[in-house]
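Worksheet: the structure to be examined is printed underneath.
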Amino acid sequence: MFTPLWPAKYQEVVPAVFVSFFSLGSDPIENTARDAHLIGDISRLKSFFDNTGYRTRFAAVLVGDESAMDTPDIDERIENIRRGAKLDTKGTFYVIPAGVSEEELAELTESFVVSIRPLALDFYRELARHARRKRDTGYTPPQTTLPDGRIQYVLSESGWTTRYEYKLGMFAEYRGDLDSATRNYANVIDNLFDPNGLFETTPCWSPRWNEMRLFADACSIRIIRCLLQNKQSTAAVRRWRIYRMQTHSLLNRRGKGTVSYGWDAWESRWAKVMAQLIQDNLTIPLKPEGNESTMGLHGIPAFVAAAGLSSDDRPLPWDCAHHAGYWFFLAAEFMRVRREKARNISDSDRTPPGQSPATSVARRNELYDTYLCPEPHLEYPNSPKSTVNHTQLIVSLFDKAVVQFRSRAQFNMADRLDLATGEELMQQSRYTEAFLILKPVWRRATWRKAKWWTLCTELGWALHRCAREIGDVEVALSTLWELSFHGMWFNA
């Protein structure tokens, strides 16, 4: 349906407006020849972009130095260059005078961007009109043979419509029309998950199955990003939840199910994506403002209150867009489940395919979903060397979550994550690192003051073990005494 080259084409290769900068000379003797040279360079560039077939507009910016701008004929020179290059003053020709301050330069730059914006909008509107005509015709090209001998895949009518809905969404997003982009991307998702759509007509063993899953994920990410940029945080979180349920149902019905580690790998990846989307596109203020129901214990907002709901639509806690730390924490928890499922892989499935019978390889291909994650013999191999360090991935996610929770004064949750991080490091015998993380939590005594004895006991045993391993006698004796005290308290 798509290759990565098409989105890259309009994101990185084909510009809507190409801006070129030229310097004005200040030598009165050479000005005539220099101006003719400038006119020739500008004309060649303009002709090139006029003939590319992509309707890219060309704009020229003249940058003058102080001596050039002070000459009495400067206005005449600039006008002659503009006329000679056949440029107009509506966005395609601009002059930046010399000697301007940084503030003035920023204002001039903003003015120039505003002037070329209509040119960019026209560029993407024209592309959208072309894509809309292609979509509405319903014509699908016949099967063709590529130069390398491969047969080009022929799209169905649904695939054809989906292709151009995605293009329309991208062009709308480039224009800044986020509502239209959201509708187009949503149409793509509906077409893919339709009872007669592409997922229902493609077998899960086909290479195109995972390609369509990747395409659906990309469209969902774009929908959520558009909603967050439009300050529709509730709709964005609901869209994530709906898409998650759609994918879960699809995999259990048409795919390889959700019982293997592949599903949890996907869940962890998506939680991390949500954290990044919220960090990049949504601002949850660090100062107390807005609805008091969004505040944490220290008056700092922990999430964005549900907005844009009708009076009959009662918001639920998971309808609110929580800060990125919550999503990093979710990603780590899903990664933990992924590790546990990976540890339960049978020994026969952990053997490389070249050392396994064909029946065993065929069976594991039916059982394990390896979308965006390694195959079983790489996920948790029999050999000591593993390609996936689950513990390190979990620790890195916990670290990112702790930063977010501490920045919002959610210290109890941050301490709980520090304890989880220490326990993860202890599994790899990294006792020194675990000790450095757990000791400050133990010193703060927050849980002792709150009389959370279960957590105190868990922390004490973990720190006591680390202290013994690294030879810190003082901490080992202190934690042992405290654990004994807790035992007496529980027996009282």
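Taken together, the values in this text are just the output of simple stated rules run on the coordinates, not laboratory data. Keep in mind it's a predicted model, so treat the numbers as computed, not measured. A quick note on method: Cβ atoms are made from the backbone with ideal geometry, for glycine too, and the neighbour counts reach across all protein chains shown.
Amide H contacts under 5 Å for Phe18: Arg57, Phe58, Ala59, restricted to partners 5 or more places along the chain or on a different chain, H placed in the peptide plane at 1.01 Å from N. Any idea what the relative contact order of the chain is, in percent, if you count C-alpha pairs under 8 Å spaced at least 6 apart? Relative contact order for the chain comes out at 8 percent. Model label sites at Leu367 and Asn252, defined 7 Å from Cα along the beta-carbon direction, differ in position by 2.1 nm. Using R0 = 45 Å, the C-beta based FRET efficiency linking Ser478 and Ser348 works out to 0.40. For the pair segment 165-201 / segment 409-443, the C-alpha centres are spaced 44 Å from each other. Scanning the chain for GluC sites (Glu not before Pro) in DSSP loops with at most 12 neighbouring Cβ atoms within 10 Å leaves 31-288 as the longest stretch between them.
In this structure the amide hydrogen of Ala321, modeled in the peptide plane, comes within under 5 Å of the amide hydrogens of Val304, none closer than 5 places in sequence on its chain. For the pair Val337 and Asp280, a Förster radius of 25 Å applied to the C-beta separation gives a FRET efficiency near 0.40, rounded to the nearest 0.05.
Based on the Cβ-Cβ distance from Leu5 to Glu107, what FRET efficiency comes out when R0 is 35 Å, to the nearest 0.05? It comes to 0.35.
Just to be sure I understand: of the beta bridges DSSP finds with both ends in the chain, what percent are antiparallel, rounded to 5?
Numbers: 4 of 15 bridges.
For the chain, the DSSP antiparallel bridge percentage is about 25.
Ordering Pro301, Ala218, Thr202 by Cα displacement along the dipole of the chain toward the positive end leaves Thr202 in first place; charges were set at the Cβ atoms of Lys, Arg (+1) and Asp, Glu (-1).
Simple rule: put +1 on each Lys or Arg Cβ and -1 on each Asp or Glu Cβ in the chain, find the dipole, and look at Val114, Leu438, Ile345; the Cα lying farthest toward the positive end is Ile345.
For Lys46, the lysines whose Cα comes closer than 25 Å to its Cα, not counting residues fewer than 8 places off in the same chain, are Lys9, Lys86, Lys90.
Put in line by how crowded their Cβ is, counting other Cβ atoms within 10 Å and starting with the fewest, Trp452, Trp442 read Trp452, Trp442. Taking θ as phi - 60° and the Karplus parameters 6.51, -1.76 and 1.60, the scalar couplings of segment 419-434 work out to 4, 5, 5, x, 5, 5, 5, 5, 5, 9, 6, 9, 6, 5, 5, 5 Hz in sequence order, x denoting glycine and proline. Against the longest principal axis of the chain, how steep is helix 261-281, in degrees 0 to 90 to the nearest 10, with axes from Cα atoms? It works out to around 50 degrees.
Taking other C-beta atoms within 10 Å as the exposure proxy, Ile224, Ile189, Ile74 rank Ile74, Ile189, Ile224 from fewest upward.
Give me the number: length gained by fully extending Met245 to Val63, i.e. 0.36 nm times residue separation minus the C-alpha to C-alpha distance, one decimal in nm. Fully extending the segment from Met245 to Val63 adds 59.9 nm. Close amide H pairs (under 5 Å, H built 1.01 Å from N) link Val95 with Leu62, residues at least 5 positions away or on another chain. Rounded to whole Hz and in sequence order, give me ³J(HN,Hα) for segment 187-192 from the Karplus expression 6.51 cos²θ - 1.76 cosθ + 1.60, θ = phi - 60°, writing x for Gly and Pro. Per-residue couplings from phi come out as 5, 4, 4, 4, 5, 5 Hz.
Compared with the direct C-alpha span, the chain from Asp194 to Asp136 gains 19.0 nm at full extension, assuming 0.36 nm per residue. Computed about its Cα centre, the charge dipole of the chain is approximately 2000 debye, with only Lys, Arg, Asp and Glu carrying charge at their Cβ.
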